[in-house]
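Data first, discussion second: the structure below is written as structure tokens.
Derivation of every value follows stated rules applied to the coordinates shown; laboratory data play no part. The model shown is predicted, which means the values in this text are computed figures rather than measured ones. Cβ sites come from the backbone with ideal geometry, for glycine too, and all protein chains shown count toward neighbours.
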Amino acid sequence: LTAEDLENGITVKVTPAAEGEDTVVTAVVTDPQGNTSPEGKDNSTVDLVVGSLEITEINEDGVVKGQTTDVPVGSDVVLTFKDHTGSQINDPVTGKPVTVTTVVKPDGSYEAQLPEDLTSLTDQINVKADSFDNNGKPVSDNEDTKKPITEVTTNGNDSLIGTTGDDVLAGDTGGLKTNFVAGHNYNVSIVLDLSGSMLFAMDGTSNPQAGTSRLDMAKKGLKAFIQQMVDHDGVINLQLASFSSTNTGNNAGNQYNKSWVVGKGNLQEIFNYIDALQAGGGTRPDLGWKKAENWFDGSLTGLASGSVKANSSYENQTYFLTDGEPSPKGTGGTALAGTANETQKQSYDADFVGLTEKSKVFAVGVSSAVSSNTVSRYDNTAENGDKILNWSKDNHGDANAIADADKLIAYLIGGSENFIPADVGNDVVKGGAGDDILFGDAMNTDWITGLDPLQYPKYSGYSKLIAHLKANVTIGAEPTQQQIYDFVKDNYQKFVTADATDTETKGGNDIIYGGSGNDIIIAGAGDDRIYGGSGDDIISTGRGNDTIIYDVLNAADAMGGNGTDTWVDYAANDKIEFGADFFEGLLADKSNISEYIKVEDVNGKAVLKVDRDGAADATGGTTHDWADLLIIEGKTASELQDLINNQIIIG
């Protein structure tokens, strides 16, 4: 929102109800400190109370108008919608509630309009608000909202609002760079070589130690890759299509063909399917390519029970994994001994061209037993991931055959032999009441040990935390919100340290509101703005040019209603910003800033103190009424004079 928006408000369209039916709007107000509004009313006849809001009019154009009492100007009003059954209306892609955000105007009113895709609504939309008034007093007290919640959003630009309880909120899920674009939907086919040589070791040894075969490495890589799919903020339909040969005898590798809509709810089912894969037989990649091509065409023929169709409106991607040169073709799906020569490969070229017309194909060689030339021949993507048009044996991608398991998995997931963290968004995170733990970016879980590093590699993010809790705390069960909160709170310093020691982690330019309560705020990399709120907060700003902001929350308080915060990683490029009304008289004349702000060493730490009126005590003495606003760890008062002189912003 712009400054003009905050002054004048914005209009958001709401579809008028059908004749004879009501339209009711759900509105949640969030003030600049991150506090959310109290239980509201669904009609205009109820008297307003402190910290409340109501709907005053819904006109024939679908514009909703409302009025608030004791809600600060500029606060967010978030509208959510329910259908006639009382069920939340969710976005069909993200699965999250459809919301519209507007702001409170200077006169306390707000206006909004329903999104265009809800124009057919003729049902009620209920008003709900859980809030705090201008004095920080809760207007409603719902015990249900005091239970801890954990919300980790996508890697896009998101907005999170906590409850009145102790919450863990993270602006980004993290994870690894993939070939997926945020918000896009995909049909993904994994065409996997399950010929007999997949039972060999990566170095070609025919009797590898348990858990070290090429198939074992492929299974771990697929699990790590699919975990990234779960965290993607679009829809991914996944097919696992195997190939070997159909000779009689031990040719189990060609039997697998199943598809799913990837989600947290069926992740273990997919992992179980992968665990059960068996290898045996020759190398007939054309059998796998044909399975993928048929699936992209919308067919379920040959797929296992419970499979889902590919969606014709989604982007198609194929990941082709093989550990060897193609076999010479026999009759049907059988394979002859040896490896295909150039003439025989041209027969495979004819089989492959149909798939290239329907899908991007990312190829990777599992071990060095297959040449990079052969793997590249059956890849149709450029270095940037774009599809190469008019594929041929002389016009193809540049893929690798990789013998190192770690590099193999990195290449499968992101097209590079090194793990690269996913890009993250510019988020708004509002904790509200409670002792919250707020992350501007992804949780850096690289410090967690004890898990298989191939399945949970570097930059795995939130999924690694959950896997750790399932392995060590819940014995396989999904952890509760309370267990997640307790673990993060007990170990928050390790998250901070992990970020500080890895300059490759990604960060967005986030805005974080602590709200009331004693919060732990870990902003991460990027140029962040942090409003601690009324509690005694612990703040890590991370890398970037960051700003901690102090507004007046309570005019009668020596610190303006703010708590005494602790800044654990102040850097020379960071700033402190005070609201224009925080100090009396300092905005017009900053020459006497030392009468308002000073830094002293207290118990080995630098403490920034403020005197909001800049005056000595009322008795005529020379003693100021200094209040401890901010403890800055790892610094001395003498080291912070540049902060006082150059990096304090007033108004």
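Once amide H atoms are built 1.01 Å from N in the peptide plane, which residues 5 or more positions from residue 578, or in another chain, come under 5 Å H to H?
When sequence neighbours closer than 5 places are left aside, the close amide H contacts are 550, 649, 650, 651.
Which order do the peptides 378-390, 562-574, 439-451 come out in when sorted by mean C-beta neighbours inside 10 angstrom, highest first?
Descending mean neighbour count gives 439-451, 562-574, 378-390.
What does the highest-first list of 251-263, 508-520 look like by mean Cβ count within 10 Å?
For the peptides 251-263, 508-520, the packing ranking is 508-520, 251-263.
Can you figure out the FRET efficiency of residue 313 with residue 644, using R₀ = 56 Å and their beta-carbon distance, to the nearest 0.05?
After rounding to 0.05, the efficiency reads 0.45.
If amide H atoms are built 1.01 Å from N in the plane of the peptide, which residues on other chains or at least 5 residues away come under 5 Å of the amide H of residue 606?
Here the answer is 632, 634, 635, since their amide H atoms fall under 5 Å of that of residue 606.
Over the Cα atoms of the stretch 186-414, Rg to Rh with Kirkwood Rh, two decimal places?
0.93
Counting Lys and Arg as +1 and Asp and Glu as -1, what is the net charge of the other residues whose Cβ lies under 14 Å from the Cβ of residue 634?
-3
Could you derive backbone 3J(HN,Hα) for the stretch 430-440 from the dihedral phi with the Karplus parameters 6.51, -1.76 and 1.60 (θ = phi - 60°), listing whole Hz in sequence and x where the residue is Gly or Pro?
For the stretch 430-440, the Karplus-derived couplings read 10, x, x, 6, x, 8, 8, 10, 10, 10, x Hz, x marking Gly and Pro.
Based on the Cβ-Cβ distance of residue 592 and residue 482, what FRET efficiency does E = 1/(1 + (r/R0)^6) give at R0 = 45 Å, to the nearest 0.05?
0.35
Mind sorting 232, 184, 468 by how few other Cβ atoms lie within 10 Å of their own Cβ, fewest first?
184, 468, 232
What does the highest-first list of 478-491, 160-173 look like by mean Cβ count within 10 Å?
Ranked by mean Cβ neighbours within 10 Å, highest first: 160-173, 478-491.
Here is the link list: 407/430; 489/590; 177/291; 105/506; 258/470. Which ones come out longer than 31 Å on Cα distance?
Flagged as over cut-off: 407/430; 489/590; 105/506.
Please list 3J(HN,Hα) in residue order for the stretch 598-612, calculated via the Karplus relation 6.51 cos²θ - 1.76 cosθ + 1.60 where θ = phi - 60°; whole Hz, with x for glycine and proline.
Using θ = phi - 60°, the values come out as 8, 10, 10, 8, 10, 6, x, 10, 7, 10, 8, 10, 10, 10, 5 Hz.
Under 5 Å between amide hydrogens, which residues at least 5 positions from residue 96 or on another chain qualify, with H placed 1.01 Å from N in the peptide plane?
Excluding prolines and chain starts, which carry no amide H, the hits are 91.
So, R0 is 41 Å and r is the distance between the beta-carbons of residue 339 and residue 271; what FRET efficiency does that work out to, to 0.05?
0.80
Please report the antiparallel percentage of the DSSP beta bridges confined to the stretch 186-414, to the nearest 5.
30
Grab the other residues whose beta carbon is less than 14 angstrom from that of residue 229, score K and R as +1, D and E as -1, and report the net.
-1
Work out from phi, with θ = phi - 60° and the Karplus expression 6.51 cos²θ - 1.76 cosθ + 1.60, the ³J(HN,Hα) of each residue of the stretch 253-266, listed in order in whole Hz, and give x for Gly and Pro.
After applying 6.51 cos²θ - 1.76 cosθ + 1.60, I find x, 8, 8, 9, 6, 8, 9, 9, 8, 6, x, 4, x, 10 Hz.
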